[in-house]
Each structure stands twice: as C-alpha cells, then as structure tokens.
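Contents: one structure, followed by commentary.
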Amino acid sequence: MSSQDGPTPPNPGAEDDGVLVVGACQAGVQLATSLREFGWTAPITLVGAERHLPYERPPLSKRALLEGVVPADLALRSESFFADQNVELVLGEEITQVEVAPDGRGSAVTGSGRRLRFHRLALTVGARPRVLDLPGADLRGIHYLRDNDDASLLRSALVDAPEIVVIGGGFIGLEVAATARKLGCAVTVVLADDRLMARAVSPFISNHFQLAHESHGVGIRCATLPEEFLGDETGQVTGVRLADGAVLTADVVIIGVGAQPRTELAAQLGLTVEGGIVVDERAVASDGVTVSAGDCTVWPAPGTPRGRMRFESVNAATEQAKVAAATLAGRPRPWLSTPWFWSDQFDLKLQVAGIVPENGETVLRIAPDALGSSVLHYAGDRLVAAECVNRPADFMAAKSALTAGKTIDPSRAADVGVRLKSLIAEPGTPAIETKEEDVA
C-alpha cells in the first residue's frame with residue numbers, strides 16, 4: 001500500500017504530466033473538476049464507455065422512468081464546461097489494456113486501438129449490475145438498470161406492461177417498483193432476504209417501507225428465490241417460477257440484486273482486489289501510484305466487521321474523488337467525511353447518515369402522524385448513524401453531529417418536540433434543548 005503522504009505528485013504545469021481518468025461517471029467528473037480547482041494545469045483525459053456526456057444516475061430509477069428524459073437533461077456538466085476546463089472527453093470508448101510503471105507513468109489502449117499515455121492513472125470505473133444466471137435469463141422483457149440506455153428501454157417496456165416482477169429488495173428494486181406502480185403496473189417484489197433493504201437499514205425502517213409499498217398495492221415476497229424465468233414461443237418472458245413452486249405472471253422482469261465493481265483493469269495491473277479495488281484513506285491503490293474512487297473501490301472503515309467497505313452513493317463517489325484529486329495534486333488528505341445517502345420511494349424520503357450497525361442501542365423518534373420517523377443508532381452515548389424518513393431536520397442535525405465528532409443526547413432524543421440540533425454536544429456533555437414550538 002502507499003506511503004502516508006501518497007505518491008509523489010508530478011509538476012502540475014509540465015506538459016507530459018497528464019492524468020488519465022478511466023470512467024466518465026460522478027467520481028470521474030468530480031476528480032477532473034477538483035484537479036483543476038487545485039490548480040492542476042497539465043492535460044486531463046476523461047474516458048467513458050458510453051457515448052453520452054457524463055450524467056446523473058439516481059434519477060434513472062425514478063424520474064427517467066416516470067417522465068422520460070434525454071441524457072442531456074441529466075448531464076453532470078455541459079460540453080462547454082469540459083472545453084473551458086481543458087478536459088478532453090473520450091466518449092464511446094472502453095479501455096481494454098493498461099500498463100503502469102513504478103513511477104506512475106504508463107499507457108492505455110481503447111477497444112478501437114487508440115493509445116493514451118499518462119503520468120498518473122485514476123480508476124473511476126464504477127460497477128455493473130449483478131447478473132442472475134438462471135434458466136430463461138436470455139428472454140426478452142428481462143431488464144437490468146444501470147445506465148441511461150437501460151432506463152430508456154425499461155420505460156418503453158413499462159408503458160405497456162400490466163404486470164411486472166422485481167427481483168431484489170434493495171434501493172434500485174424498490175425505487176423501480178414504486179415508479180412502476182405510479183405508471184399503473186401491477187408489481188410484485190421478490191427478495192432473498194427476510195426484509196427490505198436488509199443490508200443497509202435497520203429492521204424498523206425495513207418494516208416502515210414494506211408497509212408503505214403494500215399500502216400502494218405492491219406485493220412483497222421475502223425470503224424467496226427465483227428459480228426460472230418462463231417464456232412463450234416467441235422468446236418473450238411470461239413469468240417467474242420461484243423456489244417454492246409458485247409462478248408469478250410477468251410481462252416485464254426487472255432484476256436489481258446488487259452491483260459488481262469493475263475490477264478488470266485493476267487485475268491487469270496486479271492491484272489488490274477484495275470485493276473492489278482496495279485503496280487507503282487517500283485513495284491510493286496497492287501499487288502506491290494509481291488512485292481510484294467511486295463504486296469500484298473498497299475503503300478503510302474502522303469499526304465495521306471487516307474493517308473496510310465499498311460505499312455506493314453519489315456523496316461517497318464525490319468525496320472520494322476529491323480525496324483522489326488532492327492526492328494527485330500533492331495535497332493528500334484522508335477521507336473523513338460522514339457517508340450518507342438517500343432514497344425516494346412513493347411519498348417517503350429516506351436519508352441515512354453514517355454506517356448503520358448490525359447491533360447496538362437505538363432511539364426512535366416517531367412523528368404524531370406516523371409519516372415521519374427517525375432511528376438514531378448509538379455505541380454507548382456516542383451517535384454512530386441516523387436513519388430519517390421525511391425528517392430532513394433530523395437528518396441534517398445527525399449528519400452535522402457525526403461530521404463534527406459529536407453526539408446527540410440519547411436520553412432526550414426520542415422527544416419529537418425537541419429539535420435534535422439543540423441536543424448536539426460532545427459525548428458526555430449535556431446540551432440545552434430547544435422545543436420545536438420555541439423555534440419561529
């Protein structure tokens with residue numbers, strides 16, 4: 001792994017000190033942008049396999065399906081921005097080969113044979129959908145959702161699909177399920193876990209969202225595995241056979257069972273790969289010179305069972321890219337930001353700050369109308385995470401406390417009449433509470 005100060009940065013004004021960023025996604029765009037903000041004047045090349053300008057992905061499971069959008073509507077930056085920042089875009093090209101010398105210099109080759117030389121390499125290659133290898137998996141009408149083209153095809157299919165089955169009870173599957181219900185589809189969600197979003201949220205939040213989905217007419221089948229996709233003589237999917245023998249009718253099947261980090265280039269380079277590209281707290285991979293950020297990476301995560309984690313969120317990708325850019329620019333700093341993410345499903349907005357522990361003490365804040373609630377997670381009197389549903393003020397307070405290394409007094413946090421912001425204090429220090437009605 002790299003030294004504490006990271007790789008030795010090149011002179012940012014030298015013409016041969018270009019940076020090649022592989023992956024024109026949230027992390028890739030942020031990395032290039034941050035490099036310029038750090039005063040980097042050498043060439044930056046940003047390569048993306050898709051032909052579109054880099055774009056936002058969270059709307060793909062919601063607005064893009066509900067309303068239909070063109071890629072330009074979701075663009076992270078305009079074409080003129082990249083031109084003004086002197087960032088060369090190489091779109092519709094995939095890097096297939098890469099070589100890096102011990103000093104960080106190297107070259108990469110695209111599928112079309114174009115060779116790109118660089119002084120430093122940044123891998124922001126993201127992840128791909130995890131594929132289910134089951135009988136009938138090649139039938140028409142079976143969809144995965146990862147990019148704009150996927151969303152466009154799926155929207156067209158949903159318009160005329162009275163019955164759909166969603167495989168997977170994570171964020172993508174549930175967001176698609178909610179959107180499909182808004183489009184008038186009959187929806188059944190099938191998941192292997194015994195509760196929704198089980199790998200990311202607490203049982204209370206899982207139950208809250210299951211009740212919400214069921215109240216909107218979504219069928220939920222937990223602890224159930226698909227066994228076979230059924231089709232007609234034309235090759236169109238017609239249903240899903242489950243392991244318990246049940247058959248669900250389906251005009252469209254959407255599979256959302258997680259993502260696999262793209263690690264092929266890292267493997268070529270001999271980088272350490274363990275569930276993703278392993279980096280240190282400054283985004284440096286195991287060769288000591290390559291940096292990496294975003295969904296493809298695994299970062300140190302003290303206090304978690306494995307001591308490291310892969311974080312899949314816009315916020316994580318953005319902050320990790322800033323850290324990678326700082327390392328390249330010779331201003332290394334660790335990633336210390338509090339991870340957070342959100343999910344919109346029906347009229348519920350879930351916002352999570354911190355890493356929700358598998359065990360520990362919790363405090364519930366439930367609004368009188370039962371539509372808004374928060375779950376605060378503690379290790380002793382120290383706040384470690386917060387899950388907030390339709391409680392944006394709770395989320396902001398918890399996020400602020402976590403970022404500052406402070407806590408929220410657990411003995412008073414359950415009172416929804418008290419603003420959480422007023423309960424922020426150093427662990428072991430009392431706070432002066434403020435009632436909601438005391439605030440204009």
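Kirkwood Rh and Cα-based Rg: tell me the resulting Rg over Rh for the stretch 53-125, rounded to two decimals.
Expressed as Rg/Rh, it is 1.08.
Residues with amide H under 5 Å of Val189's amide H, sequence separation 5 or more or different chain, H placed in the peptide plane at 1.01 Å from N; which?
Val166, Gly219, Ile220, Arg221
Please list, in chain and number order, the residues 5+ apart from His143 or on another chain whose amide H is under 5 Å from its amide H, with Hs placed from the backbone.
Val253, Ile254, Ile255
Does the stretch 347-438 come out rounded, prolate or oblate by the C-alpha gyration tensor, with a ≥ b ≥ c the root eigenvalues, rounded set by a/c under 1.5 and, if not, prolate when a/b is larger than b/c and oblate if not?
Cα axes put the stretch 347-438 in the oblate bin.
Give, in whole angstrom and from largest to smallest, the semi-axes √(5λ) of the equivalent ellipsoid of the stretch 33-180, with λ running over the eigenvalues of the Cα gyration tensor.
Each semi-axis is √(5λ); the values are 35, 19, 13 Å.
Regarding the stretch 142-255, what whole-number volume in Å³ per residue does the convex hull of its Cα atoms give?
Once divided by residue count, the hull of the stretch 142-255 is 97 Å³.
Taking all pairs of different Cα atoms in the chain, averaging 1/r and flipping that mean, what Kirkwood radius in angstroms comes out?
23.4
What residue among Pro71, Pro339, Pro102 shows peak mean-square fluctuation when the chain is described by a Gaussian network model with Cα springs under 10 Å?
Pro102
Within the stretch 347-438, what is the number of lysine pairs with alpha carbons under 17 Å apart, leaving out pairs fewer than eight places apart on the same chain?
Within the stretch 347-438, the lysine pair count is 4.
I need the phi-derived Karplus couplings for the stretch 408-419: 6.51 cos²θ - 1.76 cosθ + 1.60, θ = phi - 60°, integer Hz, Gly and Pro marked x.
Once rounded to whole Hz, the list reads 10, 3, x, 6, 10, 5, 6, 6, 5, x, 9, 6.
Which of the peptides 108-116, 134-142, 260-268 is most tightly packed, and how do the rest follow, judged by the mean count of other Cβ atoms within 10 Å per residue?
Final packing ranking: 260-268, 134-142, 108-116.
Going by amide H atoms built from the backbone, whose H comes under 5 Å of the H on Arg308, apart from near neighbours?
Ala301
Can you list the HN-Hα couplings for the stretch 188-193, worked out from phi with the Karplus curve (6.51, -1.76, 1.60; θ = phi - 60°), rounded to whole Hz and with x for Gly and Pro?
My calculation for the stretch 188-193 gives 10, 9, 10, 9, 6, 6 Hz in order.
Taken together, the values in this text are just the output of simple stated rules run on the coordinates, not laboratory data. Keep in mind it's a predicted model, so treat the numbers as computed, not measured. All Cβ positions, even for glycine, are placed from backbone atoms using ideal geometry, and neighbour counts span all protein chains on display.
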